[in-house]
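First the structure, in the form of structure tokens, and then the observations on it.
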Amino acid sequence: MLDDRPDRELLILWGDGDLLAGRALFDRHFDSLHRFFRTKSDDGVEDLIQQTLLACVEGRARFRGDSSFRTYMFQVARFQLYAHYRARNRERDFDFELLSATALAESPSAALVRQEDARFLLHALRTIPVDAQIVLELWFWEEMCGAEIAEVLGIAEATVRSRLRRALIRLREQLEAIAGGSTAALQTDDDLQRWAGRLRAVIDGNE
């Protein structure tokens, strides 16, 4: 039976020791967190998901319900991802507006994606800067608005709009470099959204 209690209530109950509430929150958000981490790392995805939700519980006093639990959760997930990268690359400087998942030696698994268009898109996403990849995936897959993405990234909403435009340009450039003529069908952002939808289905295990 699905637990329809609000996220904030489940979070508070889990923090008070209610493991069933914690399980309900985990089940509710697992797919979103799995997508978030799976396209950026092939190592320790399950651990990253658990660490994110545990960090949400430990920092629950900071979540007062002014925004959605999802934006709070993705804020935490982003910091967990960056900590993961830093732990694996201790001797380098980090600028996630410049570095991509590929540059951080996070190679995509060949077994993850068989469909050609989805494989091209995954490769392209992982060769643009990580922050740009996050903006696009929150927009493509989590259907977040500019204000929500701004909360996740800790930036102004106007900045989100400019970053989204730049991220789309970079993604198209990478797709053209990777796939060439195979991208001829991508005439509009709606076409790109359809490719993104197919990649999401693959990552979610629905194709």
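Okay, here's what the table says:
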item	result
Leading residue by the ranking (surrounded by the most Cβ atoms within 10 Å (Cβ to Cβ)) among those in segment 22-68 that are under 19 Å from ALA150 (Cβ atoms) and at pLDDT below 95	PHE63
Segment 177-207 - residue that is polar (S, T, N, Q) and modelled with pLDDT under 70 and, of those, surrounded by the most Cβ atoms within 10 Å (Cβ to Cβ)	THR183
Extreme residue, nearest to ILE128 (Cα to Cα), among residues of segment 41-67 that are out of contact with any helix residue (DSSP H, G or I) (no Cβ under 6 Å at 6 or more places or on another chain) and not in a helix (DSSP H, G or I)	SER41
Neighbours by Cβ (under 6 Å, 6+ apart or cross-chain): first from segment 63-90, in contact (Cβ under 8 Å) with a residue 40 or more places away in the chain and under 14 Å from PHE37 (Cβ atoms); second part of a helix (DSSP H, G or I) and among the aromatic types (Phe, Trp, Tyr)	ALA77/PHE36
Neighbours by Cβ (under 7 Å, 6+ apart or cross-chain): first from segment 136-155, touching a residue at least 40 places away in the same chain (Cβ under 8 Å); second in a loop (DSSP other than H, G, I, E, B) and surrounded by 21 or more Cβ atoms within 10 Å (Cβ to Cβ)	GLU137/THR39; LEU138/MET144
Complete set of residues in segment 143-162 that are in contact with a Lys or Arg (Cβ under 7 Å, 6 or more places away or on another chain) and not β-branched (Val, Ile, Thr)	GLY146
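The values are calculated or read from the model by the stated rules, or taken from the named source; none is laboratory data. For clarity, every value in this text was computed on a predicted model and none was experimentally measured. Backbone-built Cβ (ideal geometry, glycine too); neighbour counts: all protein chains shown.
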